[in-house]
Amino acid sequence: MIKKIFSGVLLVIFIAACSSSDDNVTPETPGETSFDRAGMLRNIADNIVIPAYQGLTTSLSTLATAKDTFVATPNQANLDALRSAWLTAYKSWQHVEAFNIGKAEEILYSFQMNIYPVSTTDVENNIATGTYDLTHPNNNDAVGFPALDYMLYGLGATDTDILEKYTTNAESSKYKTYLTDLVSQMQMLTQEVLSDWTTTYRDTFIASTANTATSATNKFINDFIFYYEKGLRATKIGIPAGNFSATPLPEKVEAFYNQEVSKELALEALTAVQNLFNGTQYNGSASGESFKTYLTFLDRTELATLINTQFNTARGKIQDLNANFFTQINTDNTKMTQAYDALQAAVVLLKVDMLQAFNVSVDYVDADGD
């Protein structure tokens, strides 16, 4: 009798210990524990994230060289070369903008690289005073690629007017200094994020495979969906098209002052998103463990196919747009809203169906009513 009572006590203690071991761990879906989450994170880190940051670093170095040449000799040829380097770097940026994790999240990297529309008032005030802290949050809309867009395309109605700002204008030295400081800050921030990945964060990232709200796996999946929903679908297409306002807001397109590359940047961003989903290496065709293979492992191949099909449908709708989104909105905004709708159709697949398959909860608040 005593032996039975003792055994019963041990059973109760065992059950209680198991039930309280980790209250924060999300229950796993059947078979989930055998999927190689670390392998997925390793492929993402080694073949996508780090190479993408390295690519951006190289592009920014080329941009800095072109800027130096232009500052030394501000003429049309050097302005054209600088603009070309800016666009190349801007396209490289589209491949890292979704990675708001680790050091990038800590230093609010994306806020200092691509907040648009740019505040021309803040830019001009910074140039006029010559005293500014580009890392201050108040300057988030006066730095990065949008600020360079203004500095290279928006300082005048013609290229002659723009070149005058850097040559005969009484404040030309201040314009040159601000241009230099913008590029230097972008290089510094990017190098800081890249160095963190290549020294310590890569191993931390790969090891963080638990199904918890704070694990790198769950955070990165959420960051991916958040970027697709907000950074690509809403900011690049929906907001300027007027999906979230009473009227269209064409002045809020990306690269507003260039006015000829907004479609190119949007397509680059969509390619980056789809490559990440499929685990395709940066600037390559080989692929490894990914969200797609994770779904396949969970017998949700049909969902992975639906997601890729919808990405391709959205790409087709964006390709039908004018290269200049500002012009597209003002001449035939219906095509812009159709592109938005095509992008939106993938949000449900990602944010509801994929997250349910992975048994991962949404970690951000959706405030745009969709």
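Give all pairs with beta carbons closer than 9 Å in which a residue from the stretch 265-282 that is of a type in the set (Val, Ile, Thr) meets a residue that is part of a strand (DSSP E or B); count only pairs at least 6 apart in sequence or on separate chains.
From residues that are of a type in the set (Val, Ile, Thr), the pairs are Thr280/Ser287.
Only residues that are within 16 Å of Phe256 (Cβ to Cβ) and among the aromatic types (Phe, Trp, Tyr): list them for the stretch 94-128, please.
Tyr116
With the checklist (1) part of a loop (DSSP other than H, G, I, E, B); (2) buried (at least 22 other Cβ atoms within 10 Å of the Cβ); (3) of a type outside the set (A, V, I, L, M) in hand, flag the one item Asp133 doesn't pass.
Condition (2) is where Asp133 drops out.
What tally of residues in the stretch 149-168 results from selecting those that are under 25 Å from the mean Cα position of the chain (by Cα) and in a loop (DSSP other than H, G, I, E, B)? Walk me through it before giving the result.
Step one: of the stretch 149-168, the residues under 25 Å from the mean Cα position of the chain (by Cα) are 149-154.
If we keep only those that are in a loop (DSSP other than H, G, I, E, B) too, we end up with 154.
Count: 1.
Hey, can you tell me all the residues within the stretch 101-112 that are surrounded by fewer than 21 Cβ atoms within 10 Å (Cβ to Cβ) and among the aromatic types (Phe, Trp, Tyr)?
Correct list: Phe111 only.
Restricting to the stretch 83-100, give me the number of residues that are in contact (Cβ under 8 Å) with a residue 40 or more places away in the chain, more than 14 Å from the chain's Cα centre (by Cα) and surrounded by fewer than 24 Cβ atoms within 10 Å (Cβ to Cβ).
Within the stretch 83-100, residues that are in contact (Cβ under 8 Å) with a residue 40 or more places away in the chain, more than 14 Å from the chain's Cα centre (by Cα) and surrounded by fewer than 24 Cβ atoms within 10 Å (Cβ to Cβ) number 2.
Just the residues that are surrounded by 22 or more Cβ atoms within 10 Å (Cβ to Cβ) and over 18 Å from the mean Cα position of the chain (by Cα), please, taken from the stretch 44-65.
Answer for the stretch 44-65, where residues must be surrounded by 22 or more Cβ atoms within 10 Å (Cβ to Cβ) and over 18 Å from the mean Cα position of the chain (by Cα): just Leu63.
Residues Thr200, Thr190, Thr217: which one is within 21 Å of Val143 (Cα to Cα) and not in a loop (DSSP other than H, G, I, E, B)? Steps first, answer last, please.
Numbers: Thr200 fails: within 21 Å of Val143 (Cα to Cα); Thr217 fails: within 21 Å of Val143 (Cα to Cα).
Within the list Thr200, Thr190, Thr217, the selection yields Thr190.
Quick check on the stretch 241-252. Is at least one of its residues closer than 15 Å to Ala342 by Cα and assigned by TED's automatic domain parsing to the domain that holds Met336?
The first filter runs over the stretch 241-252 and keeps only residues closer than 15 Å to Ala342 by Cα, leaving 241, 243.
This time we only want the ones that are assigned by TED's automatic domain parsing to the domain that holds Met336, so: 241, 243.
Looking through the stretch 241-252, at least one residue is closer than 15 Å to Ala342 by Cα and assigned by TED's automatic domain parsing to the domain that holds Met336.
Wholly within the stretch 288-370, which helices (runs of 4 or more DSSP H) include no fewer than the required count, namely at least 1 residues that are of a type outside the set (D, E, K, R), surrounded by 16 or more Cβ atoms within 10 Å (Cβ to Cβ) and in contact with a Gly (Cβ under 7 Å, 6 or more places away or on another chain)? Full working, then the answer.
Details: elements: 291-297, 301-319, 325-348, 355-358.
Answer list for the stretch 288-370: 291-297, 325-348.
Hey, any hits in the stretch 151-171 for a residue that's within 20 Å of Gln94 (Cα to Cα), out of contact with any helix residue (DSSP H, G or I) (no Cβ under 8 Å at 6 or more places or on another chain) and in contact (Cβ under 8 Å) with a residue 60 or more places away in the chain?
No: the stretch 151-171 contains no residue that is within 20 Å of Gln94 (Cα to Cα), out of contact with any helix residue (DSSP H, G or I) (no Cβ under 8 Å at 6 or more places or on another chain) and in contact (Cβ under 8 Å) with a residue 60 or more places away in the chain.
Check the stretch 131-148 and report whether any residue there is of a type in the set (A, V, I, L, M) and more than 21 Å from the chain's Cα centre (by Cα). Lay out the reasoning, then the answer.
Kept after step one, since they are of a type in the set (A, V, I, L, M), are these residues of the stretch 131-148: 134, 142-143, 147-148.
Okay, now just the ones that are also more than 21 Å from the chain's Cα centre (by Cα), so none.
Scanning the stretch 131-148 turns up no residue that is of a type in the set (A, V, I, L, M) and more than 21 Å from the chain's Cα centre (by Cα).
So, Ala304, is that one hydrophobic (A, V, I, L, M, F, W, C) and within 21 Å of the chain's Cα centre (by Cα) or not?
On the way: hydrophobic (A, V, I, L, M, F, W, C): yes; within 21 Å of the chain's Cα centre (by Cα): no.
Against the criterion (hydrophobic (A, V, I, L, M, F, W, C) and within 21 Å of the chain's Cα centre (by Cα)), Ala304 does not qualify.
Assuming Asn114 fulfils every condition listed in (1) outside any loop (DSSP other than H, G, I, E, B); (2) modelled with pLDDT of 95 or more apart from one, which condition is it?
All conditions pass for Asn114, except number (1).
Pairs please, first residue from the stretch 333-359 and closer than 21 Å to Ser245 by Cβ, second anywhere and hydrophobic (A, V, I, L, M, F, W, C) and outside any helix (DSSP H, G or I), Cβ atoms under 9 Å, 6+ apart in sequence or on different chains.
Lys335/Leu321; Met336/Leu321; Ala339/Leu321
When the stretch 235-261 is examined, which residues are found to be assigned to a helix (DSSP H, G or I) and surrounded by 18 or more Cβ atoms within 10 Å (Cβ to Cβ)?
Thr235, Lys236, Ile237, Gly238, Ile239, Pro240, Ala241, Pro250, Lys252
Which one of the conditions (1) touching a residue at least 60 places away in the same chain (Cβ under 8 Å); (2) assigned to a helix (DSSP H, G or I); (3) farther than 26 Å from Leu232 by Cα does Pro74 fail to meet, given that it meets all the rest?
(2)
The values are calculated or read from the model by the stated rules, or taken from the named source; none is laboratory data. Every value quoted in this text rests on a predicted model; they were computed, and no experiment measured them. A quick note on method: Cβ atoms are made from the backbone with ideal geometry, for glycine too, and the neighbour counts reach across all protein chains shown.
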